[in-house]
Amino acid sequence: MTVRSLAVAIALASASLTAFAQDILIRNATVHTAGAQGTLKNADVLVRNGVVQAVGSGLAAPGATVVEANGRPLTPAFFGGITEIGLEEVSGESSTVDASVTLQDQPMRPEFDVTLAYNPASVVIPVTRVEGIGFTLLAASTGGSFIAGQGGVMRLDGSADPVGPRALFVRLGSGGAELAGKSRAAQWMLLDQMVAEARGRVPADSPHALLTPAGRATLARYLAGNGRIVVQVNRAADIRQLLRWAQRENVRIAIAGGAEGWKLAPQLAQAKVPVFVDALADLPADFDQIGATLENAARLDAAGVSVSFSQAGDASHNARKIRQLAGNAVANGLPWEDGLAGLTRVPAETFGVGDRVGTIAPGKLADLVLWTADPLDVSSTAEQVWLGGRAMPMRSRQTELRDRYLQPAGPLPRAYSK
């Protein structure tokens, strides 16, 4: 990346902070509310002061900016998955990556909160936003412990702070075992000890304590039901143990990955555990995913599980592919409306921000996207994104580079600019 392109990207990100919300009337759209009203044809959406005021037909709003949708789809802004957007600028450059902590003396640090390192001027944000994505769950990733730390929901409107409650991130299975004595059984042993410490059953000054006082207080909040514990896990046997643990400790969990979740679909539905699947996982990539199938989302959904999406690899820089995951799940049996819900309502409700985002309804933030065609078809594009009623610049570092290299030929090569 050149200094000039970085400066342009930062300027674009800053521009979204200075834009003012307008009164907007989006007229004659196919409005996919992702909520109780379902899909409305030839409908209007009225936005005032950054909030949806009305959804219906024949709405009038003197003085409002009118956007003629001409029947095109209008959806809530999409969920970008569980990512490190704003924490990871260049994945290969450690000085720009802030998503994990590695401490040798006391590695179990659930109090670690990655939202404190979030950079709202990250060049990754406009790249993601122009694809119709308006919010993401910022995640802590495992470093020195299978208890990764905390994250939260970030709206990609230039805001610096998370919305809603924090989430705690845990990794179980073969990946987490490498950080827990190289045994899945050791993960449960250590987790049970940490629970005992957080519940006060182990003295705070015990020489064998795993948690700091701050770590105990943090874990105690989640054990009391204040926030989700998001568990990265794939193997059915590990998911079974997780469900037993969650029931025993009475905690609220969500599963990320869940490649073999379909094998326990009835149990997941009964426990009301949402699953964030990688709908492109269809091969036994490792011994935790022998049962991976493209029908995972459809089978879970048919059993009554709330299904959303997240990517297993480079989720931050490839957040735009989240639509491909949803479309792929629909192509393999997931109902279209449930695919849309997995990109909007389900993640918003799961992480405690459903009162603000995730559906198009009066009183909700006007986080909206007007699409050229079916948003679950990768050949479609976002024509305009509004966040809080503000029209976001539909430009990014990538579009700036595209335009730079498409300049008419002149005395200098196209890559050069005056």
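The values are calculated or read from the model by the stated rules, or taken from the named source; none is laboratory data. In this text, all values refer to a predicted model and were calculated from it rather than measured experimentally. Neighbour counts run over all protein chains shown; Cβ positions are idealised from the backbone, glycine included. For the accessible areas, the whole protein counts, side chains as well, though only heavy atoms, and no ligand, DNA or RNA atoms are used. Shrake-Rupley method; radii C 1.70, N 1.55, O 1.52, S 1.80 Å.
Tally up the carbon and sulfur contribution to the accessible surface of the chain as a whole percent, 1.4 Å probe, everything protein left in place. After summing per-atom areas, the C and S share lands at 52 percent. Across the chain, the longest run free of exposed loop sites, meaning chymotrypsin sites (Phe, Trp or Tyr not before Pro) lying outside DSSP classes H, G, I, E and B with no more than 10 other Cβ atoms within 10 Å, spans 21-286.
Separation of the range 291-307 and the range 124-144, taken as the distance between their Cα centroids, equals 24 angstrom.
Report, to the nearest 10°, how far helix 3-18 tilts away from the longest principal axis of the Cα atoms in the chain, using its own Cα long axis and a range of 0 to 90°. It works out to around 80 degrees.
Label the range 234-389 by shape, choosing from rounded, prolate and oblate, from the square roots a ≥ b ≥ c of the eigenvalues of the Cα gyration tensor; if a/c is under 1.5 it is rounded, and otherwise prolate applies when a/b is larger than b/c, oblate when it is not. Judged from the Cα gyration tensor, the range 234-389 comes out oblate (a/c at least 1.5, b/c at or above a/b).
Computed over protein heavy atoms with a 1.4 angstrom probe, the accessible surface ordering of Asp23, Asp44, largest first, is Asp23, Asp44. At a probe radius of 1.4 angstrom, the accessible area of the range 217-259 per residue rounds to 38 square angstrom.
For the chain, the longest principal axis of the Cα atoms and the long axis of helix 322-331 meet at an angle of about 90 degrees. Take the convex hull of the alpha carbons in the range 101-181; its mean projected area over all directions comes to 6.2 nm². Helix 184-198 and the long axis of the chain differ in direction by around 90°, with both axes built from C-alpha atoms. Between Asp278, Asp205, Asp238, the GNM of the chain built on Cα springs shorter than 10 angstrom shows Asp205 fluctuating the most. Normalised by the number of residues in the chain, the mean separation of alpha-carbon contacts (under 8 Å, six or more apart) gives a relative contact order of 19 percent. Each Lys or Arg adds one and each Asp or Glu takes one away; over the other residues whose Cβ falls under 15 Å from the Cβ of Ala281, this sums to -3. Each of Leu412 and Ser379 was given a label point 7 Å from its Cα along the Cα-to-Cβ line. The distance between the two points is 3.9 nm. Computed over the Cα atoms of the chain, pair by distinct pair, the Kirkwood hydrodynamic radius stands at 22.3 angstrom. Rounded to the nearest 500, the 222 nm mean residue ellipticity of the chain from helices alone is -7500 deg cm²/dmol, with -39,500 (n - 2.57) taken per DSSP H run of at least 4 residues.
With all protein chains in place and ligands, DNA and RNA left out, the 1.4 Å accessible area ranks His317, His208 as His208, His317, largest first.
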